[in-house]
């Protein structure tokens, strides 16, 4: 299983890293927060951690720590435009509910 | 589900710590508030679902003589029955003096208080008021809508101003926000705000013209959009030309058609003006419109064709095209270089405006974001970034000074220190000298405008530099420094540098309000009784202290070990703890003093960090010809 | 604050008269992205003040390096060569200037903006020639002669400003 990126998402990650000037890939984190409990965080990775799980999808290195992986296994990441905004969207088969404000989720 | 961005490690914002930020379009005719919520930017509505708040304030008195202030649609409804006490289009009066307004419609409509100097005051049933106070009432109403919708007090707002607003008008807008108790993150130029909304929507790059014809102001700006950078190349316009002028032209036309000799009562006059506005809107889609006016036995009817209307406003529209041509020339570019033209402002719905813009630029203008809302939407996006909800945002706005700044010199001439369209922030200094032996003071007269004669420019401030040591004529060196900040606001200081004797003053525009006046207004205003004002001062002092400790803590975590000795670092941590302790108490003066102390102590660290930022900016992007970077 | 770097060092460019404008603009934006006061809103008055100072400095550096004449003067000042208040210029050049002033007057009297436009284009062409000559002289370290070209450029710039002002009057701006 693991995680996959759409063409658009991969393109955006690459251009982000190019602009930043350094970085091996991205880290996907799931943090506890909010009214429904969990939120996604995407960060650039300069140095992977020893316990990181590593996925190569569409030529992009994605690193996930084992604790976060339980929540996002099977997730597809897309990069989309909605009206005046753009950003990454997560299609996560594990999600059971989202909080009212739409910013966090439960599994 | 909200959209997620990539963030540097440790920078992701917890959704429930998101700050409440809003963009406010303080318009001549209507005002709006917008915010970014759940990743969507939207204008906020009142309880009955209206986004637009008419920029109208009614000043009444109840039967006990206590003042009653109504804002918005309810105030507008009183415009015909109580025209003198119903203040509309106050934006046109902001930062303006009596003499400048002589002969305008506003002078006919309202009772001005006869004051010698400074900004105009209006006489109402609830006492005298100023355009700043009227604007503050509108801002308060919008801010309340914001905090009700967003679930708490606003952490910060971006307020838009016409790009062509001069310094006095900008300062007046800031003063109004302060009176309304708002934390202003930035004053943003309206066309730049519109460009942000369009640019972030389409992702299009290239040269963009924003043609913004609002109720009372006209702006035209040329921007270059590339990878999140909005760089204003040139701006121009007319701070007192707008859709209101179309209404007045149409009203004169209607009046002439009805019965040219009839003298209309103030209330009938207002009704005719409202009819004119309605006719203007109808003529955007219809070829002719009928109107009628009744009062008592009087019953008058007439009709106007679109051709007649267009004939009446053609010169005003041509005036806007001339401004656009000048902006293109200032940027040194031809119309053919423009990639897209965007229409902003309700008055751009008039077909003649669209036709003339299209014919001048040779391309169909874009209108797909509601021209009434686009400015507020762009301001909300900027507010969201500035307040810190998007630490990774690539957006950067580089704006310019709209009107040249200078000083009066001998013979009533203006010497320009900073030319219009200079990118801000900017600082320029010029040296002057004394012209009499033993001259101990010098009058400094700050001007804004493009013309050569003092009489043709706007006087912003006058102040005297005193205490110049006695010297022969021409020996003293008076250095005058103009600093324009990122809000486009000017501060001026002057000093005698030749002998090391220094006297400096910072001025506020003569049409603005002094800090004491603002404090006074705050104290006397109904919503801020004495205890309120004190409570607010404590709150503000605590906020400042909190902001400083928070910023310093995160700075120390990031760069403390790399940039500071253990000793200095420890000292700053102790300072943070001490300030946090004091801020828990209620001694405002003590909190302020300790904040200032810590701020000064951390100054060198902040400077080191800023130097580091500059070095990092170009790191990893070096060419062969690069020089070694100095290490500090 | 470390404002001791010269403007070329600030942008990490070698001090030549020929500057790649696209590259300069790109580096300018890169710097502003990091230090513009917008980045420091809400981080305290001190951070905002420092950012404003840096942004002002970077704007000034960019304005200096992106303008031909200002860049030339700046390069000379780096060689400790400063401009004189009343430089002596060749009689030939001064005669030329007088003739050009006269043709500008004639152009304004013609009442035709196009005539002024053509005049402006001519001055622009002349300025380009002089700037090119400056570049060559400067690179070969012939600083005294390069300085003469700067004076010429100053004259041409003033002439250009007068032409723009005349155009303004004609167009009623």
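Key figures
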quantity: Neighbouring partner chain Cβ atoms per residue of A:11-20, average, 10 Å criterion; calculated: 2
quantity: Mean Cβ neighbour count within 10 Å, used as a protection proxy, ranking C:86-99, B:376-389 highest first; calculated: B:376-389, C:86-99
quantity: FRET efficiency, 1/(1 + (r/R0)^6) with R0 41 Å, evaluated for residue C:142 and residue B:436 via beta carbons; calculated: 0.35
quantity: Sorted by Cβ neighbour density within 10 Å, fewest at the top, the residues C:57, B:368, B:248, B:58; calculated: B:368, B:248, C:57, B:58
quantity: Cα long-axis angle, helix B:351-361 against chain B (0 to 90 degrees, to the nearest 10); calculated: 50 degrees
quantity: The protein assembly as shown - mean residue ellipticity at 222 nm from DSSP helices (-39,500 (n - 2.57) per run, n ≥ 4, rounded to 500); calculated: -13500 deg cm²/dmol
quantity: Rough spin-label spacing in nm, given labels placed 7 Å along Cα→Cβ, for residue B:125 and residue B:319; calculated: 3.4 nm
quantity: Sorted peptide list for B:155-161, B:491-497, B:73-79, criterion being average Cβ within 10 angstrom, highest first; calculated: B:155-161, B:491-497, B:73-79
quantity: Residue-span extension gain [residue B:259 to residue B:298] - 0.36 nm each, minus C-alpha spacing; calculated: 12.9 nm
quantity: Rounded Å value of the spacing that divides the Cα centres of region B:280-358 and region C:1-79; calculated: 43 Å
quantity: Between 0 and 90°, nearest 10: helix B:266-283 axis offset from chain B longest Cα axis; calculated: 80 degrees
quantity: Approximate spin-label separation residue A:56-residue B:38, in nm, with each point projected 7 Å along Cα-to-Cβ; calculated: 4.0 nm
quantity: Extension gain, residue B:546 back to residue B:597 (0.36 nm per residue minus Cα-Cα distance, nm); calculated: 17.0 nm
quantity: Degrees, to the nearest 10: C:68-78 long Cα axis against longest axis of chain C; calculated: 60 degrees
quantity: Least to most buried among B:556, B:590 (fewest other Cβ within 10 Å first); calculated: B:590, B:556
quantity: Whether chain C is rounded, prolate or oblate, judged on the alpha carbon gyration tensor where a/c under 1.5 counts as rounded; calculated: oblate
quantity: Simple spin-label estimate for residue C:25 and residue B:288 in nanometres, 7 Å along Cα-Cβ; calculated: 5.3 nm
quantity: Neighbouring partner chain Cβ atoms per residue of C:3-12, average, 10 Å criterion; calculated: 4
quantity: Additional length obtainable on full extension of the chain from residue B:464 to residue B:67, 0.36 nm per residue less Cα span; calculated: 138.9 nm
quantity: Whole-Å distance, taken between Cα centres, linking region B:198-251 and region A:1-77; calculated: 40 Å
quantity: Shape of the protein assembly as shown, Cα gyration tensor, a/c cut at 1.5; calculated: rounded
quantity: Rounded FRET efficiency, nearest 0.05, which uses the C-beta distance separating residue B:47 from residue B:473 and R0 of 60 Å; calculated: 0.30
quantity: Partner chain coverage, peptide B:36-44 - average Cβ within 10 angstrom; calculated: 3
quantity: Packing rank of B:123-129, B:576-582, B:436-442, where each peptide gets the mean count of other beta carbons within 10 Å, highest leading; calculated: B:123-129, B:576-582, B:436-442
quantity: FRET E, pair residue C:83, residue B:337, Förster distance 35 Å, beta-carbon r, rounded to 0.05; calculated: 0.50
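Coordinate-derived values only; no laboratory data. Small disclaimer: the values here were computed from a predicted structure and weren't measured. Glycine gets a Cβ as well: all are built from the backbone with ideal geometry, and neighbour counts include every protein chain shown.
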